[in-house]
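Input: a single structure, listed below in structure tokens.
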Amino acid sequence: MRTPASPPERSTMTTAPAVEAVRVSEKLGYLAANFGNIILSTVIGSFLLIYLTDQVGLGAAAVGTLLLVARIVDGATDPIAGFVIDHLPRTRWGRFRSYLLIGGGIGAIAFAALFVVPGMAGPALVAAWITYLIWGLAFDLMDIPLNALLPAMSGSPRTRGQLAAIKGATYLGGTVVVIAVTLPVVTLLGGGALAWQVYAVIVALVSFALTATGALLVRERVVPSTPAPYHFSDMRALFLSSRAVPVLLTSKVATSAANAALMAGIPFFFTYYVGEAGLVSAVALVMAAPMLAGSLVGPSLGHRVGFKPVYLLSLIVAVLGIGSILLLPDRGGAVYLLCFAITGLGFGGAVALNYALLAELTDFVEVKGGFRTEGTLAAIGSFAAKAGAGIGGALVAYVLALTGYVPGTEQTSAARSGIALAQAGVPASLVLIGGLVFLSYPITKRVAEQTRTALAAKEELR
């Protein structure tokens, strides 16, 4: 990787001034696009496992292997997808908006197929593998351009913090809404596999409408000064130039796995451990306010003291909340709802700060290497989220299978203990791993300020 003092002649990458304020309509559009994104991934993360086991009839271990292998294989292609998106022709809409619109349509179709095809075509396990792999590839086309938009919409740290807060709050709010309404709506539609399939089609249509709205309303301001900022061979140097990229990637894998395990465990925990399936919707509502508070306060506080310490603090709060479930066996729904509320506060801050950290890392990489890589870094983040989702979902499925979970019946004592372990022990352990890794993250508040100063100096010389 080249140093800022001697950037390559082919690409002295700088960014155009980006001081124009982001309008309220753009922020609303950005909110809409992120909401359209998260409702798809939340339905899959929270309900695909129980749909495939309880409705389609697949074994928990078989589904766990599917979630793990397919997501990692799919995620491994994300850096290539990010490189391609970084080098796609710039349209009159900018570098990412038009591809977000196209990807939103493809992703919505693939999402609906993931629920419809395995429930209607056999063999079901083969159909699930095929549609899940297609879904992962299709989701890249909407997820990577969306994540690349944040650093492209504004160069202002304060505005980026606001956009990260919007993104985090929307993701968390979307998660809450999906968890709260999914089972009641499926029941209203008649229950059973067909009801799930109709629900999936409805969600897909809503997602595309929201994504299209966002693509139409937002605007890109930070643009590279050359159309081809870097070559494919530079990606390895990008990853190895500083520990910032691998540390953030590894930490995000762990925390994404924790979040996936947390969400996947909720239907099993409240249905079979607590014995009150109605609390699946209640837990979403209980987590809503703390999640929102964390997603708003986290980036704001991070702007003042640095994103790194606030991110670590958020992870500590999440561990305390979800880990408490293991220390409080058979205490009833109200106690567990309080544990989830505390967990929501921690995850709210961590999720929002993830996007602020990624935008900060984009600037850091530009100073280090002389080229701008929103698409590739967004793809690395997408890979981390996918790998984490696969690991978290698979761990929940494997724990259930190993401890004797049987769908639709009263669970044995061992199975109930396994459900509690899957719901609390797995995500708490993963958050701890993510936090320990993140301790070595090198971009402190001081480094971030030095990075912005260096970019401003390069802009003056351009």
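Each helix, a run of at least 4 DSSP H residues, gives -39500 (n - 2.57); summed and divided by the residues of the chain, these come to -27000 deg cm²/dmol at 222 nm. Among 295, 417, a tally of other beta-carbon atoms within 10 Å of each Cβ gives an order, fewest to most, of 417, 295. Available extension along the chain between residue 293 and residue 331 is 11.0 nm, counting 0.36 nm per residue and deducting the alpha carbon span. Quick one: grab the alpha carbon gyration tensor of segment 309-384, order the square roots of its eigenvalues as a ≥ b ≥ c, and give me rounded if a/c is under 1.5, else prolate or oblate depending on whether a/b is larger than b/c. Note, shape of segment 309-384 comes out prolate. Between residue 222 and 153, 154, the built amide H atoms are under 5 Å apart, and every one of these is 5 or more places off in sequence or on another chain. Per-residue Cβ neighbour counts within 10 Å put 38, 44 in the sequence 38, 44, beginning with the fewest.
On full extension, the segment bounded by residue 109 and residue 188 gains 26.1 nm, given 0.36 nm per residue less the C-alpha separation. The long axis of helix 333-369 is offset from the longest Cα principal axis of the chain by roughly 20 degrees. Treating each Cα of segment 246-332 as one equal point scatterer and applying the Debye formula with no solvent, the log10 of I(q)/I(0) at q = 0.10, 0.12 Å⁻¹ comes out as -0.33, -0.47.
Take the Cα of residue 402, step 7 Å toward its Cβ, do the same at residue 457, and the gap between the two points is 5.3 nm.
For the chain, the longest principal axis of the Cα atoms and the long axis of helix 374-402 meet at an angle of about 20 degrees. Measuring r between the beta carbons of residue 304 and residue 338 and using R0 = 30 Å, the FRET efficiency lands at 0.55. Put simply, when 57-63, 312-318, 184-190, 357-363 are sorted by average Cβ atoms within 10 angstrom per residue, most first, you get 357-363, 312-318, 57-63, 184-190. Assuming charge only on the beta carbon of Lys and Arg (+1) and of Asp and Glu (-1), the dipole of the chain about its Cα centre is about 1100 debye to the nearest 20.
Residue order for 446, 160, 452, 97, fewest other beta carbons within 10 angstrom first, comes to 446, 452, 97, 160. Between the helical axis of 24-54 and the longest alpha-carbon principal axis of the chain there is an angle of about 40 degrees. Within straight-line reach of residue 445, meaning a Cα separation under 21 Å, sit the following lysines at least 8 residues removed in sequence or on another chain: 252, 308, 368, 458. Find the percent of Cα-Cα distances in the chain that exceed 28 Å, and round it to a whole number. The proportion of pairs with Cα distances above 28 Å equals 47 percent. Is segment 343-462 rounded, prolate or oblate when judged by the Cα gyration tensor, a ≥ b ≥ c being the square roots of its eigenvalues, rounded requiring a/c under 1.5 and prolate requiring a/b larger than b/c? Prolate shape, in that a/c is at least 1.5 and a/b is the bigger ratio.
We did not get these values from a lab; they are worked out from the coordinates using the rules stated. Model, not experiment: these values are computed from the prediction. As a convention, Cβ positions derive from the backbone with ideal geometry for all residues, glycine included, and neighbour counts pool all protein chains shown.
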